[in-house]
Amino acid sequence: MRVVEPFVEMARGLWTTLNYLFEKKVTTQYPEQKKPVKPRFRGRHVLKRYENGLEKCIGCALCAAACPADAIFVESSENTDEKRFSPGDRYASTYEINMLRCIYCGFCEDACPTEAIVLGDQYELSFTDRKQAIYPKEMLIEPAPAGAQPTPQKTEPGVYTRSVPAMKDPVD
Amino acid sequence: MTLGHVIEWLIKGFVLALILLGGFAYLTLYERKVLAWMQSRIGPNRAGPWGVLQPIADAVKLIFKEELTPANADKLIFLLAPVITVVPAVVITAVIPWGPSFDIFGYHLNLYIADLNVGVLYIMSVASIAVYGIVLAGWSSNNKYAMLGGLRSTAQMISYEIALGLSFVSAILLAGSMRMLDIVAAQSQTWFGFIPKWSVLLQPVGTAIFLIATLAEVNRAPFDMPEAEQELTAGYHTEYSGMKFALLFMAEYTKMIAISAIGATLFFGGYNGPFVSRFPWLGPVWMFAKIFVLLFGMIWVRATFPRIRYDRLMAFGWKVLLPLSLAIVFITAVGIVLHDQVNHWFLLVIPVGSLLVAGLAVASIDRMLRRKDYARR
């Protein structure tokens, strides 16, 4: 029955769309429902801390050097045992990322010797003013973990001499 | 004609225009919702519950948008074209009966504005004016895409108007009158007490031609050549923005409502339905339900079928629909004459004969499309 074949095909098409009318919808109601991001998602940067509350960032500016978009600006200052921000000699007194320049490539993560900078899961980064595009250290650094002091800490002399933690397993 | 009549006409015309404009606004929402559901989406749901305030939000947006006029546009025609398009779309509904006449508060109320004895002719002639609006919109925009869209629309709408008119003729022949009220009345009886005497049952092929030609006439998918996005950006309304665009949009959707109302009246029994004779207010309800279903069909077809190629559109209109509709008018006339002169069972000649002719047409298209050299062209 070649004559009815086109009609059968058209009816099949209509039947398909009619069935989709009652199918479960796939829409995610975005601001109310959010899908979790993938583990390797590269969102907004976070500056990490050690468990005792000291900052991992030592102000070496290797991230700034690795950044292809020149989005990171680091200025470092000397740590003292009276006012200690991070292990070792120096810490980042200024740490700014220009979010208008950042391309979320993750090179800063790779360059960091202490794994201080990490691209997190935050992706809602809208702002209404160009000045708000520059994220200072206060916005990037994560809060001190529970029970730990915030920086600057007063520490025993001679404890935090290594800026980069000693590698326990070189394979890692 | 008394002052009371004039006031009644004014009120009825005003109410009908308001219903059509409100219907246009909610038709856009209906279409967006149904299209969304068919695409596994939810559709507008932010403005009000289930998005019921979405048309209002759209209207406010369109009113406050900047109106652009292209530099070398023909300003007067550019301004007039949306008006020429939207007025026939609203005026066309004047002859459609929305329900039976009934007495309310001691006043005899007719649910139509004009009772023309050539109602179908009026519809055909007013519908043709809308082509001017579209082609002038395309031409005055000084934009090649708009121009092409306008030209396509003229060719397409004029071609399909012939098939549309001939499918109207089959309904006119079945009812024996051009008055819309007579056409509805002719479909009010039943066979064996339960099968409604709708024209769609007597002339299914005429109805099919009407539905196809209608899609082409109101530039709906799969015949939306004048506004084919992939080829012509937006076709004839490329250069329109703000309220002028809203008028063109309104014309398109109001025409959808109007043509569904006409189809419901001519082929699907108008306001006739169960219990209408006992409760006259059910008439508009049935009419609304039929329009709703026909509109759903248009949206459904849009969600399903891809746009057909322009040369095939014209070939289909001229080489298939026109001869087929002529044949159907002939068969309808023969069936009616046999029914009147010989035996009332000869009325069956109409559906059987038209279905046979339609099968012949489909078979010949099928043969043509399967020819190897057709695919290359």
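Within region B:303-317, residues that are within 13 Å of chain A (Cβ to nearest Cβ) and under 15 Å from residue B:230 (Cα atoms) reach partners that are assigned to a helix (DSSP H, G or I) and not charged (D, E, K, R) with beta carbons closer than 9 Å, at six or more positions or on different chains, in the pairs B:308/B:225; B:308/B:316. Evaluate the following for residue B:208: is it out of contact with any Leu (no Cβ under 7 Å at 6 or more places or on another chain), farther than 18 Å from residue B:324 by Cα, assigned to a helix (DSSP H, G or I) and among the aliphatic types (A, V, I, L, M)? Here the answer is no, as residue B:208 does not meet what is asked. Could you go through region B:291-308 and let me know if any residue there is polar (S, T, N, Q), surrounded by 16 or more Cβ atoms within 10 Å (Cβ to Cβ), touching a helix residue (DSSP H, G or I) at 6+ places or on another chain (Cβ under 7 Å) and farther than 19 Å from residue A:8 by Cβ. Taking every residue of region B:291-308 in turn, none turns out to be polar (S, T, N, Q), surrounded by 16 or more Cβ atoms within 10 Å (Cβ to Cβ), touching a helix residue (DSSP H, G or I) at 6+ places or on another chain (Cβ under 7 Å) and farther than 19 Å from residue A:8 by Cβ.
Cβ-Cβ contacts under 7 Å between residues 6 or more apart (or on different chains), taken from a first residue in region B:114-143 that is assigned by TED's automatic domain parsing to the domain that holds residue B:96 to a second residue that is in a helix (DSSP H, G or I) and of a type in the set (Lys, Arg), are listed as B:130/B:255. The single condition among (1) more than 22 Å from the chain's Cα centre (by Cα); (2) surrounded by 16 or more Cβ atoms within 10 Å (Cβ to Cβ); (3) outside the structural domain of residue B:93 (by TED's automatic domain parsing) that residue B:366 does not meet is (2). Look at (1) touching a residue at least 60 places away in the same chain (Cβ under 8 Å); (2) within 13 Å of residue A:116 (Cα to Cα); (3) crowded, with 19+ Cβ neighbours inside 10 Å and you find that residue A:84 fails only one, number (2).
Filtered by the rule that a residue be assigned to a helix (DSSP H, G or I) and surrounded by 13 or more Cβ atoms within 10 Å (Cβ to Cβ), region B:57-82 gives B:57, B:58, B:59, B:62, B:77, B:78, B:79, B:80, B:81, B:82.
The values are calculated or read from the model by the stated rules, or taken from the named source; none is laboratory data. Predicted, not measured: the structure shown is a model, and the values here were computed from it. As a convention, Cβ positions derive from the backbone with ideal geometry for all residues, glycine included, and neighbour counts pool all protein chains shown.
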